[in-house]
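Worksheet: one structure, shown below.
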């Protein structure tokens with residue numbers, strides 16, 4: 001093959017190259033370009049770097065919280081890997097047991113719970129753990145005890161495991177007074193006392209959304225690096241959205257305000273366009289979409305389940321914490337969600353959360369029903 005090259009003097013010279021030589025030159029050029037791209041990628045904001053930057057803002061920080069988060073991140077990576085190969089590894093299907101909620105446990109549920117229990121205990125920074133899968137709290141032995149309590153749902157949306165729909169992990173963190181032995185009262189606190197909350201979504205990409213009380217940030221796992229990279233800095237939920245998310249299969253059991261609100265979403269009387277219905281059935285997936293696009297997520301209490309279905313400590317509180325930090329609202333039908341004081345670790349509550357204006361509408365309907373002395 002003949003290649004013509006301009007010399008520095010402006011003359012054209014020709015060189016003879018074999019096809020294999022040309023191929024080698026192209027490979028070397030590609031490698032050089034790839035190394036240049038990799039060099040640019042070294043300045044990425046990883047979740048570890050992000051948390052360390054946040055830690056540096058507090059001179060009194062001992063690094064305990066940073067270590068705890070790193071163990072949570074490790075657990076999320078492990079579960080993400082297990083989810084991705086669940087079918088091949090025969091991790092889908094039932095494990096043959098039921099959890100404290102009376103729900104049949106999936107194999108991945110059991111694995112995910114064990115992963116997070118071990119990751120949190122081995123951090124040496126926790127003293128009491130509450131999991132959806134365990135009937136009683138896990139108390140960490142004194143030699144490995146720290147000053148944080150973690151409440152978590154290791155695998156939310158597990159009924160969707162076998163069909164490949166997005167599932168996730170939800171967690172909330174409390175900082176406790178380490179002057180006494182940990183007890184149940186340490187976790188039966190209102191959600192507003194949490195110091196951090198987050199979720200990890202296992203979908204088309206693995207996304208971890210985190211708030212430490214100073215806004216919300218989203219990180220996406222780069223499989224080639226094995227690192228979560230900051231991809232959604234300072235997330236803010238739109239003030240009003242065009243989507244509502246609810247299980248309409250329960251419509252015949254709804255109370256008046258919920259039924260009226262959904263009717264208004266579908267048949268607005270102010271000339272606006274109807275809202276679109278989007279419902280996955282995995283809280284992590286539905287709340288993640290609501291956070292990014294705006295709108296409202298509803299899981300009300302009804303005639304069949306007066307107290308709602310979602311658990312306060314490890315589903316309602318963390319999600320309400322994140323939504324409020326992003327500029328939205330979370331409401332139970334009676335009060336602000338984060339003001340609830342749970343009496344049991346697996347207590348349930350109705351929940352309405354999402355864009356500020358959309359939640360204001362449902363709050364107004366409940367206020368009107370209360371003032372009228374009845375559910376309209």
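The values are calculated or read from the model by the stated rules, or taken from the named source; none is laboratory data. Note that the structure is predicted; figures quoted are calculated from it, not measured. We place every Cβ from the backbone using ideal geometry, glycine too, and count neighbours over all the protein chains shown.
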Quiz prompt | segment 35-71: number of residues that are under 15 Å from residue 225 (Cα atoms) and at pLDDT below 80 | solution = 8
Self-check item: Filter result for residue 164 (touching a helix residue (DSSP H, G or I) at 6+ places or on another chain (Cβ under 8 Å) and either assigned by TED's automatic domain parsing to the domain that holds residue 133 or surrounded by 15 or more Cβ atoms within 10 Å (Cβ to Cβ) (or both))
Solution: no
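Enumerate the strands (runs of 3 or more DSSP E) found wholly within segment 215-304, keeping only those where 2 or more residues are buried (at least 20 other Cβ atoms within 10 Å of the Cβ), on the phi > 0 side of the Ramachandran plot and at pLDDT 95 or above.
Strands (runs of 3 or more DSSP E) meeting the threshold: none at all.
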Exercise. Could you please let me know if residue 351 is in contact with a helix residue (DSSP H, G or I) (Cβ under 8 Å, 6 or more places away or on another chain) and surrounded by fewer than 24 Cβ atoms within 10 Å (Cβ to Cβ)?
Key: no
Quiz item: Do the conditions hold for residue 317, that is, is it within 23 Å of the chain's Cα centre (by Cα), crowded, with 23+ Cβ neighbours inside 10 Å, at pLDDT 95 or above and part of a strand (DSSP E or B)?
Solution: no
Quiz prompt | Residues satisfying the stated conditions in segment 203-241, i.e. within 21 Å of residue 150 (Cα to Cα) and without any contact (Cβ under 8 Å) to a residue 40 or more places away in the chain | solution = 218
Practice problem: For segment 136-161, name all the residues that are in a loop (DSSP other than H, G, I, E, B) and surrounded by 13 or more Cβ atoms within 10 Å (Cβ to Cβ). | Solution: 137, 140, 157
Quiz item: When residue 122 is evaluated against the numbered criteria (1) at pLDDT 95 or above; (2) surrounded by 17 or more Cβ atoms within 10 Å (Cβ to Cβ), which criterion, by number, is the only one it fails?
Solution: (2)
Quiz item: Does segment 175-193 include one or more residues that are assigned by TED's automatic domain parsing to the domain that holds residue 145, over 28 Å from residue 335 (Cβ atoms), touching a strand residue (DSSP E or B) at 6+ places or on another chain (Cβ under 8 Å) and surrounded by fewer than 23 Cβ atoms within 10 Å (Cβ to Cβ)?
Solution: yes
Quiz item: Residue check, residue 330 against (1) part of a helix (DSSP H, G or I); (2) without any contact (Cβ under 8 Å) to a residue 40 or more places away in the chain; (3) surrounded by 16 or more Cβ atoms within 10 Å (Cβ to Cβ), all met but one. Which one?
Solution: (1)
Self-check item: Unmet criterion (only one of (1) assigned to a helix (DSSP H, G or I); (2) out of contact with any helix residue (DSSP H, G or I) (no Cβ under 8 Å at 6 or more places or on another chain); (3) modelled with pLDDT of 95 or more) for residue 365
Solution: (2)
Quiz item: Can you tell me which of 82, 32 is at pLDDT below 80 and at negative phi?
Solution: 32
